[in-house]
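Every number here is computed from the coordinates shown, using simple stated rules; none is lab data. What you are looking at is a predicted structure, and each value in this text was computed from that prediction instead of being measured. Every residue, glycine among them, receives a Cβ derived from its backbone with ideal geometry; neighbour counts consider all protein chains shown.
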Ligand code: NHR
Ligand code: GAR
């Protein structure tokens, strides 16, 4: 049984998608939030999952916050740590501690639009396609090895909310898939820094494009 700790900051719909996927051979050991008011905590508690709050505001700096966060995580000795809408940048020391077992989902087609407000920036840039990326976390923000991406069209009449919703629906498909691959031991980071998915044709079904009409 692989044990997973999920970190959230807000709504927690990606966490919910992973919980609902009920991936065989996995157990969601805990959901940890840096915000006491994160909506995701209620869903986790209602599903019998242990919840913890590590409030970044009560810690003097990022190093102290990350130490408290690591303590909360390590209490569950997880095989995998999943950032699901987690909104605090993590220190190098934290990232090193969980190297190779720390995943993030970012709401853009990385390396385009790292950082925040990705949907607004995609609209401003006038790109025709946008999407989401699951990647291993490294000390380079939003730059870690890519596991899976999903592409969505950008429509002429899109606003930030409409585009975000279209991307989010794809996030809910690709994040459980990435977790499934990880727990099945099928993900490896090559010497070239790229992710290989064992048993999938190169580059694997790591990309998905919903039909333009959809
Ligand atoms: N930490 C490291 N070291 N590397 C990554 O790739 C990380 C990370 C921590 C979080 C998620 C990321 C995203 O997918 C993530 C990737 C928060 C910020 C941010 O600027 C940026 C990127 C991401 C998450 N956070 C502000 C901060 O000062 C706070 C913003 C807020 O609280 O609303 O930490 O987009
Ligand atoms: C998701 O779109 C996720 O990709 C994004 O925030 C949303 C969280 O939704 N993550 C980031 O922007 C990280 N900086 P959720 O809480 O419902 O999963």
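What to note about this one:
- In the stretch 110-134, the residues that are under 23 Å from residue 180 (Cβ atoms) and touching a helix residue (DSSP H, G or I) at 6+ places or on another chain (Cβ under 9 Å): 131, 132, 133, 134
- Selection count, the stretch 169-181, where residues are in contact with a strand residue (DSSP E or B) (Cβ under 8 Å, 6 or more places away or on another chain), closer than 26 Å to residue 155 by Cα and within 16 Å of ligand 1 (Cβ to nearest atom): 4
- Note on the stretch 76-92: among residues that are near ligand 1 (Cβ under 10 Å from one of its atoms) and over 14 Å from the mean Cα position of the chain (by Cα), the one that is surrounded by the most Cβ atoms within 10 Å (Cβ to Cβ) is 91.
- Top-ranked residue in the stretch 9-47 [being surrounded by fewer than 20 Cβ atoms within 10 Å (Cβ to Cβ) and more than 23 Å from residue 177 (Cα to Cα); ranked as nearest to ligand 2 (Cβ to nearest atom)]: 39
- If you go through the stretch 98-133 and keep only what is in a loop (DSSP other than H, G, I, E, B), surrounded by fewer than 16 Cβ atoms within 10 Å (Cβ to Cβ) and within 12 Å of ligand 2 (Cβ to nearest atom), you end up with 114, 115, 116, 117.
- Look at (1) buried (at least 16 other Cβ atoms within 10 Å of the Cβ); (2) more than 12 Å from ligand 2 (Cβ to nearest atom); (3) in a helix (DSSP H, G or I) and you find that residue 168 fails only one, number (2).
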